[in-house]
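A short write-up of the structure that comes next.
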Amino acid sequence: MSITSPIEVVVDKVSHRYQDLIELFDSAFYQTYNTRLVVGGDEPIYLPSDSLCNFNQIIFAHGYYASALHEISHWCLAGAERRLLEDFGYWYVPDGRDQNQQQAFEQVEIKPQAIEWALCVATGKDFDVSTDNLLGDGETDRFAFKAKVFQQVLAYIESGFPVDAEAFIAVLAKYYQRPWPLTANHFQYRPEQNSAI
């Protein structure tokens, strides 16, 4: 049995390399938005350009493919004004949140995680929600949270994803030779399985 490094994940014989995401993102958005996807360390963050770096940076954690998709989803959701702010001006309390903080966190994560789910579908990669609170005492109902994220996916399919999300979903679907445009049938979600667990 071999252990797959965070650099490369293989699903259905499709290689998911973060280097490909960087190249695809650069090709799609660098010229228009002066924004690049960058490998980082422990904590992902978005940094607008400044005197130290002449381009905006979407920094994702440790070269993890899933982290890159998640951070891209936040960028796709942020509008022009929020892209001028560090981490898009998001309120964020790190792992260790209490119940109220966890509920607030999950509320602001519904739309980004719906976009992330679509990015995963476009790459052929499995998706699960992230509640990101391993050390906190704030309880999480992952199934209820996933149901909310799925409802947002359906709303996006009906009314359209944010413009940059739609564009990148199409880029990924073409690169990974996945179905396009996305429909509800492309998302594996069965609420009846949730109630049985």
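Quick rundown of the values:
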read-out	value
Integer Hz, Karplus 6.51/-1.76/1.60 couplings in order for segment 69-76, x for Gly and Pro	4, 5, 5, 4, 4, 4, 5, 4
Residues ILE58, ILE22, ILE115, sorted so that the one with the fewest Cβ neighbours within 10 Å comes first	ILE22, ILE58, ILE115
Taking N as its residue count, the alpha carbon Rg of segment 99-196 over 2.2 N^0.38 Å	1.13
Amide H contacts of VAL38 (H built 1.01 Å from N, under 5 Å, at least 5 apart or other chain)	ILE58, ILE59, PHE60
Potential extension, GLN188-GLU23 segment - 0.36 nm per residue separation minus Cα distance	56.6 nm
At R0 = 22 Å, FRET efficiency that the Cβ-Cβ distance of ALA104 and GLU43 yields, to 0.05	0.70
Ordering of 70-79, 37-46 by burial proxy (mean other Cβ atoms within 10 Å per residue, highest first)	70-79, 37-46
Theoretical FRET efficiency, 1/(1+(r/R0)^6), r = Cβ-Cβ of ARG36 and TYR90, R0 22 Å, to 0.05	0.65
Label-point separation, GLU81 to ASP141 (7 Å along Cα→Cβ), nm	3.4 nm
FRET efficiency, 1/(1 + (r/R0)^6) with R0 25 Å, evaluated for ALA170 and VAL14 via beta carbons	0.90
Table column - 3J(HN,Hα) (Hz), segment 82-92, Karplus curve with 6.51, -1.76, 1.60, x for Gly and Pro	5, 6, 8, 10, 4, 6, 6, x, 5, 6, 7
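Each value in this text was obtained by applying a stated rule to the coordinates, not by laboratory testing. All values reported here derive from a predicted model rather than from experimental measurement. As a convention, Cβ positions derive from the backbone with ideal geometry for all residues, glycine included, and neighbour counts pool all protein chains shown.
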